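Accompanying notes for the structure given below.
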Amino acid sequence: MAAGAETFSLREVLVAFTACVSEQREVRVDPYLAGWKGLVRFLNCLGTIFSFISKDAVTKIEIIENYRNSDQRENYLTVQSMVEYELANGLVDLQKRSKHPDSGCRTFLRLHRALHWLQMFLEGLRTGEDNSKTSVICSETYNASLANYHPWIIRKAAGVAFCALPTRNTFLETMNVGTAEEAVAMLGDALPYICEVYKITEELYAQHKLLDLP
Ligand SMILES: CCCCCCCCCCCCC/C=C/[C@@H](O)[C@H](COP(=O)(O)O)NC(=O)CCCCCCCCCCCCCCC
């Protein structure tokens with residue numbers, strides 16, 4: 001375990017996702033990115049073998065942060081406003097990556113797909129047996145979700161990295177939320193919010209036929 005793992009709790013990270021959905025059922029971009037940044041920080045604490053994953057996540061987070069810091073920042077306040085603005089202004093490559101390779105819509109879609117994995121992984125952790133292997137939970141949930149969008153070489157590298165994950169109970173303790181039982185309870189509290197964020201985004205992207213953006 002790298003230094004710094006004990007300095008923050010995953011509870012604070014997952015709380016970011018509870019602040020994502022507005023009263024109008026829109027997904028706020030800032031807490032969404034804050035949640036991912038915390039998760040990446042946690043991932044970095046698990047060891048350098050995961051750095052190729054965290055680097056890709058950071059690249060994507062920064063692309064969207066740059067939009068949030070640009071003069072178009074208001075259009076990127078929520079996922080709904082981002083989709084509306086980018087589509088209305090022809091800023092999304094719909095068939096193949098060409099003029100707008102790093103649109104907010106395609107970049108957010110990559111994080112959204114990863115959120116689906118996260119949702120399944122956390123549920124697997126929450127409901128797993130005491131001494132089940134985190135690596136198995138991780139690879140099963142990865143294969144059932146994100147892996148479908150990744151080329152062979154990435155799937156292979158991810159599979160190797162997963163082998164470095166500790167057992168479920170050690171992993172739960174690494175989350176710094178208290179005992180393993182307390183970590184499980186926290187996951188139960190946080191998961192409905194993550195599921196809601198995922199569901200709203202999925203519906204929005206489906207409605208605009210954006211789920212296969214190149
Ligand atoms: C706890 C173990 C964490 C294992 C992480 C499982 C996810 C594995 C993802 C492997 C991604 C490999 C890197 C490359 C990805 C890109 O090819 C690919 C496509 O991008 P492109 O269309 O621009 O080319 N990118 C993506 O799919 C985005 C991946 C974003 C992954 C973020 C993962 C962050 C994981 C944080 C884990 C925290 C766990 C906390 C649990 C309590």
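The values are calculated or read from the model by the stated rules, or taken from the named source; none is laboratory data. Computed from a prediction, not measured in an experiment: that's the story for all the values here. Every residue, glycine among them, receives a Cβ derived from its backbone with ideal geometry; neighbour counts consider all protein chains shown. Heads up: the accessible areas ignore ligands, DNA and RNA and are worked out on the full protein's heavy atoms, side chains in. Shrake-Rupley method; radii C 1.70, N 1.55, O 1.52, S 1.80 Å.
Quickly work out the D56-to-K156 label distance, labels modelled 7 Å from Cα along the C-beta direction, and quote it in nm with one decimal.
1.5 nm
For segment 31-124, state which trypsin sites (Lys or Arg not before Pro) are in a DSSP loop and have at most 11 other beta carbons lying within 10 Å of their beta carbon. Could the numbers behind the result be given before it?
Details: sites: K37, R41, K55, K60, R68, R73, K96, R97, K99, R106, R110, R113; in loops: K96, R97, K99.
Qualifying residues, ordered by number: K96, K99.
Sequence gap at least 6, Cα distance under 8 Å: using those rules, report the relative contact order of segment 1-78 to the nearest whole percent. Mind showing how you got there, number by number?
Working: 67 pairs, mean separation 24.2, N = 78.
Relative contact order comes out at 31 percent.
From the gyration tensor of the Cα coordinates in the chain, what semi-axes in whole Å does the equivalent ellipsoid have, largest first, with each one equal to sqrt(5λ)? Numbers along the way, then the final one.
Working: eigenvalues 175, 73, 49 Å².
That gives 30, 19, 16 Å for the three semi-axes.
Can you pull the one-decimal nm distance between simple spin-label points at E173 and F8, each 7 Å off the Cα toward Cβ?
My value for the distance between the label points is 2.3 nm.
So for the chain, averaging the separation of alpha carbon pairs under 8 Å that are six or more residues apart and normalising by length, what relative contact order in percent results? Kindly include the intermediate steps, with their values, before the conclusion.
Numbers: 237 pairs, mean separation 55.2, N = 214.
Computed value for the chain: 26 percent relative contact order.
Per residue, what accessible area does segment 76-214 have, given a 1.4 Å probe and all protein chains present, in Å²? Spell out each step's value before the answer.
On the way: 6820 Å² over 139 residues.
Accessible area per residue: 49 Å².
Percent of accessible area on segment 64-178 owned by carbon and sulfur, 1.4 Å probe?
Values: 2940 of 5870 Å².
Whole-percent figure for carbon plus sulfur exposure: 50.
Taking 0.36 nm per residue of separation and subtracting the Cα-Cα distance, what length does fully extending E26 through N131 add?
Numbers: separation 105, 0.36 × 105 = 37.80 nm, distance 3.87 nm.
Length difference between fully extended and current span is 33.9 nm.
Of K55/K199; K99/K156; K156/K209; K55/K96, which pairs sit farther than 28 Å apart, going by alpha carbon to alpha carbon? Display every interim value, and only then the final one.
On the way: K55/K199 26 Å; K99/K156 31 Å; K156/K209 30 Å; K55/K96 24 Å.
Violating the 28 Å Cα-Cα cut-off are K99/K156; K156/K209.
Would you kindly compute the Cα radius of gyration of segment 128-214 and its largest Cα-Cα separation (Dmax), both in Å?
That works out to 15.9, 43 Å for Rg and Dmax.
Test of understanding: what is the full-extension gain from E65 to E182, defined as 0.36 nm times their sequence separation minus their Cα-Cα distance?
Details: separation 117, 0.36 × 117 = 42.12 nm, distance 3.29 nm.
That pair, E65 and E182, stretches by 38.8 nm at full extension.
For segment 5-124, taking Cα atoms only, what is the radius of gyration to one decimal and the Dmax to the nearest whole Å?
15.0, 46
How much length is gained if the chain between E140 and E84 is pulled fully straight, taking 0.36 nm per residue apart and subtracting their Cα-Cα distance, in nm to one decimal? Don't skip to the end; give the middle numbers.
Details: separation 56, 0.36 × 56 = 20.16 nm, distance 3.50 nm.
16.7 nm is the gain from fully extending E140 to E84.
Ignoring everything except DSSP H segments at least 4 long, calculate the 222 nm mean residue ellipticity for the chain; use -39,500 (n - 2.57) per segment, divide by total residues, nearest 500. It would help to have the intermediate numbers written out before the result.
On the way: 9 runs with 134 residues, N = 214.
Value at 222 nm, helices only: -20500 deg cm²/dmol.
Quote the relative contact order of segment 16-136 in percent (integer), defining contacts as alpha-carbon pairs under 8 Å separated by 6+ residues.
Reported relative contact order: 19 percent.
When each pair of different Cα atoms in segment 53-96 is counted once in the 1/r mean, what is the Kirkwood radius in angstroms, to one decimal?
Values: mean 1/r = 0.0880 Å⁻¹.
Its Kirkwood hydrodynamic radius stands at 11.4 Å.
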